[in-house]
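Asks: I'd like to ask you about the structure that follows.
The values are calculated or read from the model by the stated rules, or taken from the named source; none is laboratory data. For clarity, every value in this text was computed on a predicted model and none was experimentally measured. Quick reminder, even Gly has a Cβ in these numbers, built from the backbone with ideal geometry, and neighbours come from all protein chains shown. SASA here: full protein model, heavy atoms, side chains in, ligands and nucleic acids out. Shrake-Rupley method; radii C 1.70, N 1.55, O 1.52, S 1.80 Å.
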Amino acid sequence: MKKNIILMGPPGAGKGTLAKQLIALGYVHISTGDMFREAIKAGTELGKLADSYIKHGDLVPDQVTIGLVKERLSQDDCAKGFLLDGFPRTLPQAEALEVLTKEIARPIDAVINLDCEQKELVRRISGRRVCKNCGAPYHIDTMKPKVDGVCDICGGPLYQRNDDNEDALKVRLNHYVNETKPLLDFYEERGLLTSFDSLKGSAVTFDEIAKFLKS
Ligand SMILES: [Zn+2]
């Protein structure tokens with residue numbers, strides 16, 4: 001049984017769907033965005049520190065983020081297993097995570113890399129549409145509205161988000177590859193990395209991953 005896992009994958013590979021399926025299996029979902037909001041709300045020392053950066057529009061330094069991750073992963077609910085999403089993003093963060101998970105005796109058991117061909121990612125993301133009124137998501141191939149360009153739920157107009165166009169997406173994907181390649185190598189060297197092909201569709205991929213996590 002693999003308890004403590006990291007989820008990685010490019011935008012559009014279906015990480016959000018997979019995360020929801022894993023939460024249903026009992027994993028505690030840790031995203032750094034939520035973690036910041038919770039720590040700030042709870043008024044912990046690190047939360048206050050993080051807030052002082054966010055308030056000024058600055059990036060939160062690694063040291064603070066890592067402190068927050070340690071604080072969060074030490075909590076009781078994480079004893080049954082956690083799912084890290086969006087962290088680590090850099091090699092220094094991965095190295096720090098390795099140290100802190102040892103310190104709290106909750107080591108990473110597996111890193112799941114949700115893989116997908118660039119061509120398919122472009123097709124998926126550039127076909128996305130969102131309702132201007134209610135925010136309901138659509139896709140021009142896989143989740144068509146009943147009437148072209150009109151929301152099934154509220155009748156509002158559908159539009160394409162600025163950063164979902166093909167050029168912007170290619171920039172995001174290249175950035176993702178450059179950013180994560182060293183991380184994937186880091187976990188590969190430690191024998192923790194397993195890649196799954198998300199081209200098979202979310203149900204098939206989830207079954208494979210669930211089986212893998214139980215082994
Ligand atoms: Zn709508």
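Asks: How big is the charge dipole of segment 117-215 about its Cα centre, in debye rounded to the nearest 20, if each Lys and Arg gets +1 on its Cβ and each Asp and Glu gets -1 on its Cβ?
Replies: Charge dipole of segment 117-215: 320 debye, to the nearest 20.
Asks: How many percent of the accessible area of the chain is carbon or sulfur, using a 1.4 Å probe?
Replies: Of all accessible area on the chain, carbon and sulfur atoms account for 54 percent.
Asks: If you place +1 on the Cβ of every Lys and Arg, -1 on the Cβ of every Asp and Glu, and leave all else neutral, what size is the dipole of the chain about its Cα centre, to the nearest 20 Debye?
Replies: It works out to roughly 580 debye.
Asks: Would you mind computing, in nm to one decimal, how far apart the modelled labels at Ile153 and His139 are, each placed 7 Å from Cα along Cα→Cβ?
Replies: Each label point lies 7 Å from its Cα, and together they span 1.7 nm.
Asks: Sticking with this one: Taking a probe of 1.4 angstrom, what is the accessible area of Met1 in Å², to the nearest 10?
Replies: Taking all protein chains as shown, Met1 has close to 140 Å².
Asks: List the trypsin sites (Lys or Arg not before Pro) within segment 142-192 that fall in a DSSP loop (any state other than H, G, I, E or B) and whose Cβ has at most 13 other Cβ atoms within 10 Å.
Replies: Those that pass, being in a loop and sparsely packed, are Lys146, Arg161, Arg190.
Asks: Here's a follow-up. For labels at Gln160 and Val99 in the simple 7 Å Cα→Cβ model, what's the distance in nm?
Replies: Label at Gln160, label at Val99, 4.6 nm between them.
Asks: Between segment 9-67 and segment 114-139, what is the separation of their alpha carbon centroids in Å?
Replies: Going from one Cα centre to the other spans 23 Å.
Asks: Based on the Kirkwood radius over alpha-carbon pairs, what value in µm²/s does the Stokes-Einstein equation return for the translational diffusion coefficient of segment 1-124 at 20 °C and 1.002 mPa s?
Replies: So the translational diffusion coefficient is about 140 µm²/s.
Asks: A further question follows. Taking each full run of DSSP H in the chain as one helix, which ones are at least 27 Å long along their axis (Cα atoms) and have mean Kyte-Doolittle hydropathy of at least 0.5?
Replies: Sorted by number, there is nothing, because no helix extends far enough and scores high enough.
Asks: Return the distance in nm (one decimal) between the two label points of a simple spin-label model at Asp58 and Asp167, each offset 7 Å from Cα along Cα→Cβ.
Replies: A separation of 3.4 nm, rounded to one decimal place.
Asks: Same structure, new question: Largest first, how would Thr142, Thr194 line up by accessible area (1.4 Å probe)?
Replies: Thr142, Thr194
Asks: Just from its helices, what would the mean residue ellipticity at 222 nm be for the chain, if runs of 4 or more DSSP H residues each count -39500 (n - 2.57) and the sum is divided by every residue, rounded to the nearest 500 deg cm²/dmol?
Replies: The per-residue figure over the chain is -15000 deg cm²/dmol.
Asks: Could I ask something else about it? For Phe82, what residues show an amide H to amide H distance below 5 Å, using hydrogens built from the backbone and excluding near sequence neighbours?
Replies: Asn4, Ile5, Val28
Asks: Can you list the HN-Hα couplings for segment 149-162, worked out from phi with the Karplus curve (6.51, -1.76, 1.60; θ = phi - 60°), rounded to whole Hz and with x for Gly and Pro?
Replies: Working through the residues one at a time gives x, 10, 5, 5, 7, 10, x, x, x, 8, 9, 9, 4, 3 Hz.
Asks: Using only C-alpha atoms and all pairs of different ones, pull out the Kirkwood radius for the chain in Å with one decimal.
Replies: In the chain this quantity evaluates to 18.9 Å.
Asks: Moving on. Which whole-number percent gives the relative contact order of segment 24-76, counting Cα pairs below 8 Å spaced six or more residues apart?
Replies: The value is 31 percent.
Asks: Would you mind calculating the gained length between Ser202 and Met1 on full extension (0.36 nm times residue separation, minus the Cα-Cα distance), in nm to one decimal?
Replies: Answer, rounded to one decimal: 70.2 nm.
Asks: Projected onto the charge dipole of segment 110-215 (+1 at Lys/Arg Cβ, -1 at Asp/Glu Cβ, origin at the Cα centre), which of Pro137, Gly201, Phe186 gives the Cα projection farthest towards the positive end?
Replies: Toward the positive end, the furthest listed residue is Pro137.
Asks: Might you report the magnitude of the Cβ-based charge dipole of segment 1-99 about its Cα centre, with Lys and Arg at +1 and Asp and Glu at -1, to the nearest 20 debye?
Replies: Value, rounded to 20: 320 debye.
Asks: I would also like to ask the following. How big is the Cα convex hull of segment 47-102 in projection, averaged over all directions, in nm²?
Replies: Hull-based average projected area comes out at 4.2 nm².
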